[in-house]
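Participant: So that we are looking at the same thing, I have put the structure below in C-alpha cells.
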Amino acid sequence: MASYDLFHKGTKAFVYGNQLRAVQRMLDFDYMCRKDAPSVVGLITPEQGGFEKFFWGTKEIVIHRFRKVQDAVKAHPEADTVVNFASERSAYACTKEMLETESIRVVAVIAEGVPERNARELRLLAKQRGKWLIGPATVGGIKAGCFRIGNTAGTLENIRECKLYRPGSVGFVAKSGGLSNEAYNIVARNTDGIYEGIAIGGDAYPGSGLLDHLLRYEADPNVKMMVCLGELGGREEYDIVEALQQKKLTKPLVIWVTGTCAPMLAGGVQFGHAGAKADSASEGAQAKNAALKKAGAVVPNSFDDYDQKIHETYEELKRKGVIKPAPEFDPPPIPMDYADALKRGLVRKPTNFMSTICDERGEVHNYCGVPMDEVIKQDYGIGGVIGLLWFKKKLPKYACDFIELVIQIIADHGPAVSGAHNTIVTARAGKGLIESLISGLVTIGPRFGGAVNGAADHFRLGLNKKLGPREFVEYMKQQNINIQGIGHRLHSVDNPDARVEIMIAFARKHFPRTPVLDYALSVADVTSRKKNNLILNVDGCIGVLFVDLLLAIGYSDQDIQKLTDMGFFNAVFLLGRSIGFMGHYFDQKRLNQGLFRHPLDDILYDVPAAPESVD
Ligand code: ACO
Ligand code: LMR
C-alpha cells in the first residue's frame, strides 16, 4: 500500500465501542462493494466479551468481542485501522494506546468534546509515529469501493445514489461529516464520483488537517481532481493557499469555505463546530475564499454554484482525457433488515404460532379479550379465568363455582395415593419441586386420577348407544373394558366418598339438569351390586358433571367428543391435584425426610434359580 493510501480493499479494522448498527453498516458497505470478506474483524468492548452476530448479505457471521485493545491486536495482527467510538471521557486514553500499538496505522476518533489539550497531544503522537488520526468530532470518511468508517455517508440508499460502492476520480475532504455526505451527492451528480472522502472533524485541533489529505490526493494517481469544503475559523485554509502557491498542489482543486453569512450576524458568532468561529477577519470565510481563488483554486461565487464549478472542472478534465469515467458496476442488493421491511410493510410471512385464548401485546395482557385488570375488577375468580382460558367463554356463576368446588375437593387425597407417593419418594430422593411434582403427575392415568376423561367418554357412549345400565355394563364387560369412573380401592357403598356426595349435591342444586350423572349413577347401581367398591368414583363424578355442565351451556355432543379426544376432562384433576402434590413436597422438605427405600418385607421375591436358556 502506498504512503498516500489510508485504506484499500483488504483493509481490516476494529470498532471500539458497542456500536452494532455502525458495524452492520460497514459490513453492508463491504458487501455492496463485492468484497470477499468483511472489513471489521473485531469489536473492542471493555465491558463485554463473547461475540456478536451480523449479516453478511443474507447470511449471518460472527465477530468476536475483545475487552482489551491488545487482545484484539493479538488475535488480528492484520487489522491496521480502528474506528473509535469511545466517549469524550475515554477517547484520549484508548486512542493513545492504539497509536502506540505497532500494527495500528489509522485511527478515526468519532467523539465530540475531546479536550483540546488531549486532541493536540494525540495529533503530535500520530505525527511522531507516522500514523493517521482522523477526528475527533467526525463521522469519519469513506474510500469508494474499499472501506467505510462507521456511519459515513448515511443510508445504503445514499451510498448507492452516490455510487460509493466503486471508485470515482474525485478526492474530497471537509471538516463537517454532515456537509461531506451532502458533498458526496453533489460530486456524484456532477462527476464520475468520489474516489475517497474524509471528514477531518470540526474541532480546533483535528488529528489530520485538510491539507494533509489534499497532499495525499495530490500524490495518488487515482485522484484526478480534488474538492474541498472549508469553514470559517482557524487558518487551515491558508495552509492550502501556501501549498497552491508552492505548487505542492497541482491537481484542480474546487474549494468553498462555508460561513460567508457570519458577518451578517451579530458579533463573533460560533457555528456548529468547536473550531467554527472567526476571531479575526482573516479567519472569515470571505477572506479565505478570496485567498484561495488568488492562489489558483477553483472557488465558486457562492455555495449555490459549487456544484457547477465541480462539473465544469470535471468536464474539462474529461475533455483533456485526464479523466476516463469510472466503469459502471452493478452492486448487489443489500437485503433490508426484516424488522425494517416489516415496519415499512414490504414483507410478510406466515406465522408459525397461533393463539386464540390470550394476547399479551396490548397495554394490559388479556384473557380471551378480557383485560387482566377487568378480570380482577369483575371478580372472575379461578373458575372464571378457567372459563376464559380453557373454554373461551364467560361462564355463568354456577359453572365457575362448580369448577372451583372441584379444584378444592380434588386437591389431595392423602399420601397413600400413587401420585402423592411418587412425589414423596422423589422429594425424599433429594429432587426439586418440579421433578417431584412431575413424578406425581405421571402416575395420573386410566386407573388413578386420569379416569375423568374416560368417564366422560364411556357414559356418553352408553347414553348415545341408548344402552340401559345393565346392558351397558354387559357391553363393556364383553369389550373387556373397565368402565372409567367406576370403582375405588378405598371407598365403597359402605364407605361412600364424601367428595362425590358434595359434587352431586351441588349439581342437584345448581345444574339445570344432570342426565349423564343420572345415567352414571344407574350404572354404578348395577356394578356396586356385583362388588360394593364399584361405585361412581370421584373421577367418574367429575367427568359426568362436566359433560352435564357443557351440555347445559350449549355444547353439542360433537363439541364434547372433540374435548374428550384431547383429554380435556382430566385437566381439572391435574390442576387441583398439583396443589396436593406440591403440599406433600413441601411437607417432606420441611420434615427433612431421608431417602425412601421400600421395605424388603413388603416385597414378594419370586426369582427363578436360573434364567431360561435361549438357543
Ligand atoms: N368397571 C367394571 N368392572 C370393574 C371395574 C370397572 N371400572 N373396576 C373393577 N372391576 C371389576 C374387575 O373387572 C374385576 O372383575 P372380576 O372379579 O370379575 O375379574 C373386579 O371388579 C375387581 O377388579 P380390580 O381391578 O381388582 O378392582 P380394584 O378394586 O382393584 O380396582 C380401580 C379399583 C383400579 C379403581 C378399578 O375399579 C378401575 O380400574 N376403575 C376404572 C378406572 C377409574 O375409574 N379410576 C379412578 C379411581 S378414582 C381416582 O383415581 C381419583
Ligand atoms: C384420589 O382422589 O386420589 C383417590 O380417589 C384415589 C385413591 O386411591 O384414593
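The values are calculated or read from the model by the stated rules, or taken from the named source; none is laboratory data. Quick caveat: nothing in here was measured; it's all calculated off a predicted structure. As a convention, Cβ positions derive from the backbone with ideal geometry for all residues, glycine included, and neighbour counts pool all protein chains shown. These area figures cover heavy atoms from the full protein model, side chains too; ligands, DNA and RNA do not enter into them. Shrake-Rupley method; radii C 1.70, N 1.55, O 1.52, S 1.80 Å.
Participant: Name the single residue, out of those in segment 408-420 being within 14 Å of ligand 1 (Cβ to nearest atom) and part of a helix (DSSP H, G or I), that is surrounded by the fewest Cβ atoms within 10 Å (Cβ to Cβ). Show your work before the answer.
Facilitator: Of all residues in segment 408-420, those within 14 Å of ligand 1 (Cβ to nearest atom) come to 409-414, 416-420.
With the extra rule that they be part of a helix (DSSP H, G or I), the set shrinks to 409-410, 418-420.
Working: Ile409: 20, Ile410: 23, Ser418: 16, Gly419: 27, Ala420: 22.
Filtering first and then ranking leaves Ser418.
Participant: Quickly run through segment 107-131 and pick out the residues that are hydrophobic (A, V, I, L, M, F, W, C) and surrounded by fewer than 24 Cβ atoms within 10 Å (Cβ to Cβ).
Facilitator: Hits for segment 107-131 are Ala111, Leu124, Leu125, Ala126.
Participant: Find all pairs meeting these conditions: Cβ atoms under 7 angstrom apart; at least six residues apart or on different chains; first residue within segment 339-351 and of a type in the set (Val, Ile, Thr); second residue not in a loop (DSSP other than H, G, I, E, B).
Facilitator: Final answer for the pair search is Val347/Tyr338; Val347/Ala341.
Participant: Do we find that Leu437 is away from ligand 2 (no atom under 13 Å from the Cβ), under 16 Å from Ala411 (Cα atoms) and either touching a strand residue (DSSP E or B) at 6+ places or on another chain (Cβ under 6 Å) or in contact (Cβ under 8 Å) with a residue 12 or more places away in the chain (or both) in this structure?
Facilitator: yes
Participant: Taking segment 226-258 as the region of interest, how many residues are under 16 Å from Val187 (Cα atoms), open to solvent by 10 Å² or more (accessible area, probe 1.4 Å) and part of a strand (DSSP E or B)?
Facilitator: Qualifying residue count for the region: 1.
Participant: A further question follows. When you go through (1) within 16 Å of ligand 1 (Cβ to nearest atom); (2) over 25 Å from Gln558 (Cα atoms); (3) in a helix (DSSP H, G or I); (4) open to solvent by less than 50 Å² (accessible area, probe 1.4 Å) one by one for His458, which number turns out not to apply?
Facilitator: Checking His458 against (1) within 16 Å of ligand 1 (Cβ to nearest atom); (2) over 25 Å from Gln558 (Cα atoms); (3) in a helix (DSSP H, G or I); (4) open to solvent by less than 50 Å² (accessible area, probe 1.4 Å), the one that fails is (2).
Participant: Can you find, within segment 17-53, the residue that is nearest to Thr95 (Cα to Cα) among those that are among the hydroxyl-bearing types (Ser, Thr, Tyr) and open to solvent by less than 30 Å² (accessible area, probe 1.4 Å)?
Facilitator: Within segment 17-53, the match that is nearest to Thr95 (Cα to Cα) is Thr45.
Participant: Taking Ser208, is it assigned to a helix (DSSP H, G or I) and hydroxyl-bearing (Ser, Thr, Tyr)?
Facilitator: no
Participant: What's the total number of residues in segment 286-322 that are open to solvent by 30 Å² or more (accessible area, probe 1.4 Å) and not aromatic (Phe, Trp, Tyr)?
Facilitator: 22
Participant: With the requirement that a residue be hydrophobic (A, V, I, L, M, F, W, C) and either in a loop (DSSP other than H, G, I, E, B) or more than 10 Å from ligand 1 (Cβ to nearest atom) (or both), what does segment 444-455 give you?
Facilitator: Hits for segment 444-455 are Ile444, Phe448.
Participant: For segment 421-443, check the following and say yes or no: at least one residue is out of contact with any helix residue (DSSP H, G or I) (no Cβ under 8 Å at 6 or more places or on another chain), among the small types (Gly, Ala, Ser), within 16 Å of ligand 1 (Cβ to nearest atom) and not in a helix (DSSP H, G or I).
Facilitator: No, segment 421-443 contains no residue that is out of contact with any helix residue (DSSP H, G or I) (no Cβ under 8 Å at 6 or more places or on another chain), among the small types (Gly, Ala, Ser), within 16 Å of ligand 1 (Cβ to nearest atom) and not in a helix (DSSP H, G or I).
Participant: Consider only pairs whose beta carbons are under 6 Å apart and that are at least six residues apart or on different chains; among these, list those whose first residue lies in segment 461-474 and is more than 14 Å from Asp525 (Cβ to Cβ) and whose second residue is more than 13 Å from ligand 1 (Cβ to nearest atom) and assigned to a helix (DSSP H, G or I).
Facilitator: These pairs meet every condition: Leu463/Tyr519.
Participant: Would you mind stating whether Glu78 is under 30 Å from Tyr195 (Cβ atoms) and surrounded by fewer than 16 Cβ atoms within 10 Å (Cβ to Cβ)?
Facilitator: Answer is yes for this residue.
Participant: Name the pairs whose Cβ atoms lie under 6 Å apart, with the first residue in segment 72-97 and closer than 18 Å to Ile149 by Cβ, the second at pLDDT 95 or above and part of a helix (DSSP H, G or I), and 6 or more positions between them or separate chains?
Facilitator: Val82/Met98; Asn84/Thr95; Ala86/Cys94; Thr95/Leu122
Participant: Starting from segment 479-495, keep only residues that are within 12 Å of Ser528 (Cβ to Cβ) and near ligand 1 (Cβ under 8 Å from one of its atoms), then list their pairs with residues that are open to solvent by 40 Å² or more (accessible area, probe 1.4 Å) and not aliphatic (A, V, I, L, M) whose Cβ atoms are within a distance under 8 Å, requiring at least 6 positions of separation or different chains.
Facilitator: Gly487/Lys531
Participant: Looking at segment 563-578, can you tell me whether even one residue there is within 24 Å of Gly450 (Cα to Cα) and open to solvent by 90 Å² or more (accessible area, probe 1.4 Å)?
Facilitator: yes
Per-residue answers, yes or no, for (1) under 30 Å from Gly113 (Cα atoms); (2) touching a helix residue (DSSP H, G or I) at 6+ places or on another chain (Cβ under 9 Å); (3) of a type in the set (Phe, Trp, Tyr); (4) surrounded by fewer than 23 Cβ atoms within 10 Å (Cβ to Cβ):
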{"position": "Phe147", "(1), (2), (3), (4)": "yes, yes, yes, no"}
{"position": "Gly154", "(1), (2), (3), (4)": "yes, yes, no, yes"}
{"position": "Gly168", "(1), (2), (3), (4)": "no, yes, no, no"}
{"position": "Gly171", "(1), (2), (3), (4)": "yes, yes, no, no"}
{"position": "Tyr184", "(1), (2), (3), (4)": "yes, yes, yes, no"}
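Participant: Grab the helices (runs of 4 or more DSSP H) fully contained in segment 463-543, keeping just those with 1 or more residues being exposed (fewer than 14 other Cβ atoms within 10 Å of the Cβ) and within 13 Å of ligand 2 (Cβ to nearest atom).
Facilitator: Passing ranges, in order: 498-510.
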